[in-house]
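The block underneath contains the structure these notes are about, expressed in structure tokens.
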Amino acid sequence: MAEYHQYCPIARASEILADRWTPLIVRELLMGSRRFNEIRRGLPGISRSLLVSRLRQLEDDGVVERSSGRGSTATEYVLTEAGDALKDVIEHLGVWGVRWAFGEPREDELDPAFLLWKIHQRIDRSKLPPRRVVVQFDFCGPKARRLWLVLEPREVSVCLKHPGFDPDLILRVDTFLLYRVFLGYVDYDVAVRHGKIVVEGSRDIARALPRWIMWSSMARFAKERC
């Protein structure tokens, strides 16, 4: 952790939050990730050792605390009161990014698994039907791959391999386009009507799916910029 040796609130806060990856770790915790592997899935590119180090530092700084989760060996990371108070800070950072530092996604930023992970964090489980729903995503374009979203009221999961259940719905979509839909630059229903997103399967699930997804928390700011 860098120390600025300045008696200044901004300097003190920067010592805690300005290290590489730290704001994104807080972002993942604010999005509901609690287990180590959950946090890491939202941070493709971070090494295991660095994540351990950053979490330990946040714990020492009183931003995160460890607790026993479900099961005797399970460890969960939860934000303290100080950590929860960072919600507005992280949101304002994102809003600044939308307005001043954001453009079209670069090819090196296109990651279907990461995108589906972000979508799974934004599912309104209260709107899901009481049964399991499986949505297959056939991503085309750069880094094309097939992934699955398994939706249940108690849990939503991202599967990198076939989950063992037949899909209720199949979406065929360019990775670049779905990023833009998720961030609010393109309307989902418009993309479907224009054939940019091809949907196959249950009509009821097809109509309901975009209502289950709350889309990015930055989408409303991105729409203001359009």
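The values are calculated or read from the model by the stated rules, or taken from the named source; none is laboratory data. If you're wondering where the values come from, they're calculated on a predicted model, not measured in any experiment. Please note: Cβ atoms are built from the backbone with ideal geometry, for glycine as well, and neighbour counts cover all protein chains shown.
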In the range 18-37, how many are closer than 12 Å to L58 by Cβ and at pLDDT below 95?
-> 1
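Scan the range 112-141 for residues that are more than 24 Å from R180 (Cβ to Cβ) and either in contact (Cβ under 8 Å) with a residue 60 or more places away in the chain or in contact with a helix residue (DSSP H, G or I) (Cβ under 9 Å, 6 or more places away or on another chain) (or both) and jot them down.
Start the filter on the range 112-141 by keeping residues that are more than 24 Å from R180 (Cβ to Cβ), which leaves 125-126, 128-134.
Result: R125, L128, P129, V133.
When the residues of the range 9-25 are narrowed to those that are of a type in the set (D, E, K, R) and assigned to a helix (DSSP H, G or I), which ends up surrounded by the fewest Cβ atoms within 10 Å (Cβ to Cβ)? Steps first, answer last, please.
Within the range 9-25, the subset of a type in the set (D, E, K, R) is 12, 15, 19-20.
Keeping just the survivors that are assigned to a helix (DSSP H, G or I) gives 12, 15.
Numbers: R12: 14, E15: 17.
Ranking the candidates gives R12 first.
Looking at R193, R225, R207, which is the one that is modelled with pLDDT under 95 and either farther than 14 Å from F137 by Cα or assigned by TED's automatic domain parsing to the domain that holds R145 (or both)? Break it down stepwise before answering.
Values: R193 fails: modelled with pLDDT under 95; R207 fails: modelled with pLDDT under 95.
So the residue among R193, R225, R207 that is modelled with pLDDT under 95 and either farther than 14 Å from F137 by Cα or assigned by TED's automatic domain parsing to the domain that holds R145 (or both) is R225.
To keep it simple, each residue is scored yes or no on (1) at positive phi; (2) part of a loop (DSSP other than H, G, I, E, B); (3) acidic (D, E).
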{"residue": "A2", "(1), (2), (3)": "no, yes, no"}
{"residue": "Y7", "(1), (2), (3)": "no, yes, no"}
{"residue": "R27", "(1), (2), (3)": "no, no, no"}
{"residue": "E38", "(1), (2), (3)": "no, no, yes"}
{"residue": "S53", "(1), (2), (3)": "no, no, no"}
{"residue": "L58", "(1), (2), (3)": "no, no, no"}
{"residue": "G83", "(1), (2), (3)": "no, no, no"}
{"residue": "I90", "(1), (2), (3)": "no, no, no"}
{"residue": "F102", "(1), (2), (3)": "no, yes, no"}
Quick one: what pairs do we get from the range 208-224, first residue in contact (Cβ under 8 Å) with a residue 40 or more places away in the chain, second aromatic (F, W, Y), C-beta under 7 Å, 6+ apart or different chains?
-> W215/F182; S216/F182; A222/Y185
Would you pick out the residues in the range 42-69 that are within 16 Å of H120 (Cα to Cα) and buried (at least 17 other Cβ atoms within 10 Å of the Cβ)?
-> G42, L43
